[in-house]
1. Work out the charge dipole of the chain with +1 on the Cβ of Lys and Arg and -1 on the Cβ of Asp and Glu about the Cα centre, then indicate which of 88, 231, 246 is farthest towards its positive end.
2. Compute the length gained on full extension between residue 241 and residue 129: take 0.36 nm times their separation in residues and subtract their Cα-Cα distance, giving the result in nm to one decimal.
3. If exposed means no more than 12 neighbouring beta carbons inside 10 Å and the site is in a DSSP loop, what's the longest run of the chain without any exposed trypsin sites (Lys or Arg not before Pro)?
4. How far apart, in nm, are the 7 Å Cα→Cβ label points at residue 211 and residue 254?
5. About its Cα centre, how strong a charge dipole does segment 21-135 have in debye, to the nearest 20, once Lys and Arg get +1 and Asp and Glu get -1 at the Cβ?
6. Using only helices, what value at 222 nm comes out for the chain when you add -39,500 (n - 2.57) per DSSP H run of length 4 or more and divide by the total residues, to the nearest 500 deg cm²/dmol?
7. Take the Cα of residue 152, step 7 Å along the line toward its Cβ, and report every residue of segment 110-127 whose backbone nitrogen sits under 20 Å from that point.
8. Using only Cα atoms, tell me the angle between helix 130-143 and the longest principal axis of the chain; keep it within 0 to 90° and round to the nearest 10.
Amino acid sequence: MTINSGDQVLIISPDNKTYLVTVAEGKGMGTHLGELTLGDAIGKSYGDRIYSSLEHPFILLEPTLEDKMMKVKRHTQIIYPKDAGFIILKTGIQSGMRVVECGTGSGSLTMALANAVVPDGMVFTYDSREKHLENARKNIENAGYSDNVEFKLGVAQNGFDEEGVDVVILDLPSPWEGIPAAAKALRGGGRIASLSPTYNQVEKCVEKLEEQGFVYIETVELLLRYIRVSTGKTRPVDRMVGHTGFLTFGRKILSKKESIDDSTEVL
């Protein structure tokens, strides 16, 4: 695949430092191994090389979704790919779905959600701070998902504009405050996911989910450990991220009133 001006490229240095850049004519970048002229990448193929001013080779690779998520400009802590991937799998998010996210942050999870619903789905992402939304908007634009994300300034306590959505995801300090709004926005059988760093947050979240009539409630924690591979001495890396957050899931059932209203519509 040929690299064109405006493409995002993952550049790897000889000592395995990585840079996610947008290539363009006349654009340069300083590194610890000399200056790179990013325009040199135009017309080359992924897997090829460009050379720094000090003649060090830098490899050009096509960035994956994980690369884009981990390289976003951060104003907040991000949702790690291991958690984002499980959220998408567990909630069944797929092409064409409508998803509400509350707690945009830096847009890392937003990016993964948008990737899952393309080309016809939509992610409606809310945050209480305009600064966060502006940063996330730029990150999403750079990643190429602007057509599938709508940014909204607001808090969960005030409710969501959308109704009948497939999934609601809450990344909030007090997720229980957003659960009533999520219940109202979700269609029957719709799924909810919440991310929390502490046990007491999970307890309050689950209590509120039960109160609001959600079922199939589960909480999990995912741990990821890398392995250092070297012939004769392969072992786990010395350090790992021991905890990123707890993931709580549930599914909405219809109230008796909603069931009656639905059956009336069918008749």
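What follows draws every value from the coordinates through simple rules; no lab data is involved. Because the structure is a prediction, the values reported are computed rather than measured. As a convention, Cβ positions derive from the backbone with ideal geometry for all residues, glycine included, and neighbour counts pool all protein chains shown.
1. 231
2. Computed gain between residue 241 and residue 129 is 37.6 nm.
3. 74-224
4. Output for this residue pair reads 2.6 nm.
5. 320
6. -8000 deg cm²/dmol
7. 110-118, 120-127, by backbone N distance to the label point.
8. Orientation of helix 130-143: about 60 degrees from the principal axis.
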